[in-house]
1. Using amide H atoms built 1.01 Å from N in the peptide plane, name the residues 5+ places from Leu34, or on other chains, whose amide H lies under 5 Å from its own.
2. In the chain, what % of DSSP beta bridges are antiparallel (nearest 5)?
3. Enter the accessible area per residue of the range 2-259 (Å², integer; probe 1.4 Å; all protein chains in place).
4. Sum up the lysine pairs in the range 2-259 that clear both bars: alpha-carbon distance under 21 Å and a spacing of 8 or more or different chains.
5. Between Thr243 and His76, what length comes free when the chain is fully extended (0.36 nm per residue of separation minus the Cα-Cα distance, one decimal in nm)?
6. Quickly work out the Asp108-to-Ala251 label distance, labels modelled 7 Å from Cα along the C-beta direction, and quote it in nm with one decimal.
7. Quick check: residue separation of Asp57 and Arg14 times 0.36 nm, minus the Cα distance between them. What number comes out in nm?
8. Given labels modelled 7 Å from the Cα in the Cβ direction, how far is it in nm from Arg90 to Glu170?
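The values are calculated or read from the model by the stated rules, or taken from the named source; none is laboratory data. Remember, predicted model here, so these are calculated numbers, not experimental data. Cβ atoms come from the backbone with ideal geometry, glycine included; neighbour counts cover every protein chain shown. The area values use the complete protein model at the heavy-atom level, side chains included, leaving out ligands, DNA and RNA. Shrake-Rupley method; radii C 1.70, N 1.55, O 1.52, S 1.80 Å.
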Amino acid sequence: MEVIIQPDPASASRVAAQILLALVTRKPNAVLGLATGGTPLALYRELITAHKDRGFDFSRVTTFNLDEYIGLPENHPQSYHAFMHENLFRHINIQPDRIHIPNGNAPDIQAHCLAYEEAIRNAGGLDLQLLGIGSDGHIGFNEPTSSLGSRTRTKTLTRQTIEDNARFFENDPNQVPQHCITMGIATILEARCALLLAFGKGKADAIAATIEGPLSAMIPASALQLHPNAIIIIDQDAAAKLTLADYYKEADAAKPTWQQDHATAP
Ligand code: GLP
């Protein structure tokens, strides 16, 4: 696990953007796993700036989003379809037929989940999976006790996640859908690089448990301890409860030049 502690969310997002852009520069047809939530917004703005100011080309990139609510119309402002369109896709030159987001209105959800896994495989697998983290340690919508071997499937959101996400639904937990489709933990672990971002004090406990706690289905993000190329980029606040924070900072500062391109994904 590579832990990169940055002073604030803006600098952390810039480091993450460099990793992602370096990957697409090296591999223009990269397959990216994308995430929603407040955390990746500044990173997405960096990607948009790279496209608008420097003509960075996303035309050959393929994307797969982590998750989607079940039963929310695609054009609902809080659907993850709408979120991705509004915050990234409509601002860059990604090809619409290369965008994949689970369909929370599929007539046969189970068949759709199997097809989603197959589409990831057919695309050659994920080169990089971007992740946020829930305050309960979830990744995607893999809530605590999700199987570490899980695949794309439906999940029921925990009360905590419903309350956390109510801020996007007029602060009304009753408007938050109770069910979702999410890539599984095994799906995420198969990505060639996993890049998790977390900012703010509200994530400090989940981050400490993810990096330094035991591997446990109670903290789904701790499954990243099994990943050979997991990069965790956090701000000072999210790092507040790490026992070895100084060590991570020293290791990052003393990184040999041959390792300094963090994007070690093939
Ligand atoms: C949702 C998403 C997760 C995201 C999490 C944290 O539950 N399904 O993918 O990581 O929220 O969101 P935020 O970044 O807004 O804190």
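1. Phe64, Asn65, Leu66, Leu130
2. Details: 8 of 29 bridges.
Beta bridges within the chain, antiparallel portion: roughly 30 percent.
3. Details: 11100 Å² over 258 residues.
Ligands and nucleic acids excluded, the figure is 43 Å² per residue.
4. Numbers: Lys27/Lys52; Lys201/Lys241; Lys201/Lys249; Lys203/Lys241; Lys203/Lys249; Lys241/Lys249.
The number of close lysine pairs in the range 2-259 is 6.
5. In short, 55.9 nm is gained.
6. Computed distance between label sites Ala251 and Asp108 equals 4.6 nm.
7. Working: separation 43, 0.36 × 43 = 15.48 nm, distance 1.79 nm.
Contour length minus the Cα-Cα distance gives 13.7 nm.
8. About 2.2 nm, to one decimal.
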